[in-house]
Amino acid sequence: MPVRCGCGGRVNKPGLVALIKSVSETILAQSPGAVVRIHMLRDVLGEPPEDPARVEAQDGLTDSRWVRDLAAEQWADGGWGAFHSENTRRKQVIPTTEVGVERALALGLENTHPILVKAKNYLVGSYAS
């Protein structure tokens, strides 16, 4: 079975696939945080959404410090202040909505996570023609 690579493609070389799977399983056996687990299971090993380990990792993301910080900085309207990074007058950890959405995706949040749903509603409501 092909293994995903970080570039969005798939690796089909048997020796390399075996090595990637082995390294991924070694990392997962060390009980990494939810962010690492979700990326390994979803993005590297390509486990399906219903896989119990992936479900557990996805659920654990909400409890991670990084996701809690992201949620705490999100405004009631769903954004994180100004949209573009050039408009950063406020002093907060996540200075813009652009950065907030990028961080949510980098942390491995799915588009159904409440943080991204709020952000989507904010963006659609604010920037719809």
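Okay, here's what the table says:
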read-out	value
Theoretical ellipticity at 222 nm over the chain - DSSP helices of four or more residues, -39500 (n - 2.57) apiece, nearest 500	-15000 deg cm²/dmol
Segments 95-101, 107-113 sorted - mean Cβ within 10 Å per residue, highest first	95-101, 107-113
Relative contact order for the chain, counting Cα pairs under 8 Å that sit 6 or more residues apart, in percent	18
Nitroxide proxy distance, nm - points 7 Å out along Cα→Cβ at I27 and N121	3.4
Net charge of neighbours whose Cβ lies under 15 Å from the Cβ of A53, counting Lys and Arg as +1 and Asp and Glu as -1	-3
Inter-probe distance in nm under a simple model that places probes 7 Å from Cα toward Cβ, at A106 and Q92	1.8
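Readers should treat all values here as calculations from the given coordinates under stated rules, not as data from a laboratory. Predicted, not measured: the structure shown is a model, and the values here were computed from it. Note: ideal-geometry Cβ built from the backbone for every residue, glycine included; neighbour counts use all protein chains shown.
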